[in-house]
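Nothing in this text is a laboratory measurement; each read-out follows from the coordinates by a stated rule. What you see is a predicted model; the values in this text were computed from it and never measured. We place every Cβ from the backbone using ideal geometry, glycine too, and count neighbours over all the protein chains shown.
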Amino acid sequence: FSWLNRALESDMAPVLIIATNRGITKIRGTEYRSPHGIPIDLLDRLLIISTTPYSDKELDHILHIRCQEEDVEMTDDARSLLTRIA
């Protein structure tokens, strides 16, 4: 993780997106444990955004908006079926 810390401190720091679901686990190469196995000094620099699945109502609304934007005609039954599949 040290190379990543250096990259984040540079003038041309990259945008970093990390996705993990490891929970509290051992940091690789050490005996320390931390959330997601990420060193605490790096973890302090991150913005953690928790995600949750869309509800059926939200999916239906998203499909409705997409149909309007793309000029697609879809029956309510078809949208309901797509919502259940998603």
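Observations on the model:
- Summing Cβ point charges (Lys, Arg +1; Asp, Glu -1) relative to the Cα centre of the range 31-86 gives a dipole of roughly 300 debye.
- Take 45-51, 4-10 and order them by the average number of nearby Cβ atoms within 10 Å per residue, most first; the result is 4-10, 45-51.
- Counting only DSSP H runs of at least 4 residues, each contributing -39500 (n - 2.57), and dividing by the residue count of the chain, the helix-based mean residue ellipticity at 222 nm comes to -12000 deg cm²/dmol.
- Reduced Cα scattering model of the chain, Debye log10 I(q)/I(0), q = 0.15, 0.18, 0.22, 0.25 Å⁻¹: -0.71, -0.80, -1.03, -1.24
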